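As structure tokens, the structure follows; a few thoughts come after it.
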Amino acid sequence: MFDELHEECGVFAIYGHPEASNLAYLGLYALQHRGQESAGIASSDGRIIHTHRGIGQVADLFTPEVLGGLPGEMAIGHTRYATAGDSGMLNAQPFTVNCNKGRIAVAHNGNITNAAELRRDLEREGSIFQANSDTEVILHLVARSREKTLPAALREALLQLEGAFSLVFLAEDRILVARDPHGFRPLAIGQMEMSGGRTCNVFASETCAFDLINAVYLNDVEPGEMVIVGPEGLTRERYAPVRDHAHCVFEHVYFSRPDSIVFGRPVQESREMLGRLLAREHPADADVVVPVPDSGVAAAIGYASESGIPFRHGLIRNHYVGRTFIEPSQAIRDFGVKLKLNPVRHLLEGKRVILVDDSLVRGTTSRKIVRMVRGAGAREVHMRISCPPTVSPCFYGVDTPSLGELIAANHSVEEIRRFVEADSLGYLSLGSLREAVQDDRQDYCYACYTGNYPTELINIEELMTSRDRRS
Ligand code: AMP
């Protein structure tokens, strides 16, 4: 529920539509939950790449006038919250460069774990960086490549990257997209019908972006695959050898929208299943199941239907909380949480409440919410979390705090229960999480719950400390 932690990015690309930038705008609008700090669109009219990016949300940044200045039949877009690099205008994407392969723009979702080393090498050899995001490294690698064509230069650059990347590139006359060989972050392919029976190609982090523009979801860019759409049509090629897949399970637990299909599986289905399995593993004698909105809603529905205990919206969320608000000069207790959530007293008073949320990270928000529910008269509060304890930071693009701040990294479940002041606390087991996302082939990454990182992190010390600096 906490936007301060809210992170990551959403990417979108479209090729072959006369209203490309308008559709990119709509696509980004549907991906806004993946990042609210900055957004941008780059379009190409076949000769010139036009870019607009800024701090703020999609609907505020892109007025009809701004979109009018983004002509052409192809566009890419990005919405962002910082994971690597500082926040701010300099790091707003898409990034563009002019190089011997022409003009290129790029937008990136994920986190490149060897970006610092690559950057040091590039700087030693004379490259100058404008921003401090890991995405700029990719453009430098492409620009410096001795390969003659853009796809070949891109292939060479991608093979040097480690970690997580779902990338969309815009060149003067084509779109290129690629996904890292482990497939950490999603990247879906869609198709849109146009007048005259023609079709155009679209790409997005999540399929909810396709729904808004009436595109159909076809399949995913495969891990280690590069897809190019240009005047000659669409080509797919594997640029990297097959590696073990490591899809981010947190996309299904929390990050993606429930109406999306992510890694080929409907998110809502996973979430309800998480709740059902949670009810089986951690039943409680109670009167109502109440979700922490919005993140706990689907799991609470699953919990309620499995347990037979009625589901109630006992906490109401204000959806219109912006980044700026006036804080009263007199301190109001738990102001931040109150701004967003308000309990429905008559649903909670005298009740034994099962409070369902998707995850518990630092524990500070959960404690405030438990207090709030109790303050509204609940007799008992049983906290249920639809994933295992978060014990390790993510280096692949989810903004988890440093190890020291992850409550489950340093405390037992009983200690956490006491900290959040709940009468009982139950986390879903890893086995059930696996079952809920139907991971029969070990295709997912569970590093935040296990500490087993699927890639070698040679610079793990550096990664840990850079995270400390950020948080
Ligand atoms: P806390 O009790 O302070 O650990 O906060 C838990 C809340 O943070 C839950 O409602 C989660 O849905 C939410 N949360 C967990 N991870 C993230 C994330 N990466 N971005 C945004 N919110 C998150």
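Highest mean first, the peptides 24-30, 244-250 sorted by other C-beta atoms within 10 Å per residue fall in the order 24-30, 244-250.
So if R0 is 51 Å, what FRET efficiency would Asp294 and Arg120 give, r being the distance between their Cβ atoms, rounded to the nearest 0.05? Kindly include the intermediate steps, with their values, before the conclusion.
Working: r = 41 Å, r/R0 = 0.81.
The value I calculate is 0.80.
The alpha-carbon of Lys351 sits under 29 angstrom from the alpha-carbons of these lysines, leaving out residues fewer than 8 places away in its chain: Lys338, Lys340, Lys368. The distance between label points at Leu212 and Asp173 comes to 3.2 nm (points 7 Å beyond Cα on the Cα→Cβ vector). Quantify, in whole percent, the carbon and sulfur part of the accessible surface of the chain (1.4 Å probe; protein heavy atoms only). So the carbon and sulfur contribution to the accessible surface is 49 percent. Looking at the chain, the accessible area is 41 square angstrom per residue; that uses a 1.4 Å probe and ignores ligands, DNA and RNA. A cut-off under 15 angstrom between Cβ atoms defines the neighbours of Leu70, and their net charge, with Lys, Arg +1 and Asp, Glu -1, is -2.
Cross-link partners for Lys101 among the lysines, with Cα-Cα distance under 29 Å and sequence neighbours closer than 8 places in the same chain left out: Lys148.
Between Leu90 and Ser329, what FRET efficiency comes out of the Förster formula 1/(1 + (r/R0)^6) with R0 = 41 Å and r the beta carbon distance, rounded to 0.05?
Details: r = 34 Å, r/R0 = 0.82.
Efficiency computed from Cβ-Cβ geometry: 0.75.
Modelled this way, with points 7 Å down the Cα-to-C-beta line, the labels at Glu156 and Glu456 are 2.4 nm from one another.
At most 10 other Cβ atoms within 10 Å and a DSSP loop assignment: could you name the trypsin sites (Lys or Arg not before Pro) in region 95-154 that fit? Please report the intermediate quantities before stating the final value.
Numbers: sites: Lys101, Arg103, Arg119, Arg120, Arg124, Arg144, Arg146, Lys148; in loops: Lys101, Arg146, Lys148.
Answer in residue order: Arg146, Lys148.
Between Met464 and Thr364, the C-beta separation translates, for a Förster distance of 30 Å, into a calculated FRET efficiency of about 0.90. In plain terms, the chain from Thr149 to Ser424 could stretch by 93.0 nm, reckoned as 0.36 nm per residue minus the Cα-Cα distance. Dipole orientation for the chain: of the candidates Leu176, Leu360, Ile128, Leu360 has the Cα lying most toward the positive pole (charges on Cβ; Lys, Arg +1; Asp, Glu -1).
The values are calculated or read from the model by the stated rules, or taken from the named source; none is laboratory data. Owing to the predicted nature of the structure, the values given are computational and were not obtained by experimental measurement. Glycine gets a Cβ as well: all are built from the backbone with ideal geometry, and neighbour counts include every protein chain shown. Just the protein is used for accessible areas: all its heavy atoms, side chains included, with ligands, DNA and RNA removed. Shrake-Rupley method; radii C 1.70, N 1.55, O 1.52, S 1.80 Å.
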